[in-house]
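K.L.:
Just dropping this structure here.
The values are calculated or read from the model by the stated rules, or taken from the named source; none is laboratory data. Only a predicted model underlies this, so the values are computations on that prediction, with no experimental measurement involved. Note: ideal-geometry Cβ built from the backbone for every residue, glycine included; neighbour counts use all protein chains shown.
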Amino acid sequence: MKKIFLYIFLSLMFSNTASAYLVLGKYGCGQILDDDRKDDTVSKYQTKSYIQGYITGLNYANDSSKGKGVKSNSLYYSVIKFCKENPLKGIHDAAEEIYFYQIK
């Protein structure tokens, strides 16, 4: 009985339940805020496209329709707000915050 308990305990100890993912095309909030001050339309378009792609990808994976009717400018200014409050984080953190906590 002790051996079975030990085996179960050890198998649970060494199982990894942490999820990790690779973020492609990421850039930091500092860069977003710096580009916003320069009124860089390319950067704004890139930020809007990144957020829309993130939402679309998660909607596809989760068979969901979050963000329906949300305008790209609203998403962009949500990123700006997030970055002003969290300047050391990145666009992927902003996208996650928007998807899971801000849009319905």
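K.L.:
Just one of (1) more than 14 Å from I103 (Cα to Cα); (2) hydroxyl-bearing (S, T, Y); (3) surrounded by fewer than 17 Cβ atoms within 10 Å (Cβ to Cβ) trips up Y50, so point out which.
P.N.:
Failing condition for Y50: (3).
Conditions (1) modelled with pLDDT of 90 or more; (2) touching a His at 6+ places or on another chain (Cβ under 7 Å); (3) assigned to a helix (DSSP H, G or I), marked per residue:
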{"site": "T17", "(1), (2), (3)": "no, no, no"}
{"site": "G25", "(1), (2), (3)": "no, no, no"}
{"site": "Y54", "(1), (2), (3)": "yes, no, yes"}
{"site": "G69", "(1), (2), (3)": "yes, no, no"}
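K.L.:
While we're looking at this one, here's another question. Across segment 66-89, which residue is nearest to I32 (Cα to Cα) among those that are buried (at least 18 other Cβ atoms within 10 Å of the Cβ) and small (G, A, S)?
P.N.:
My answer is S78.
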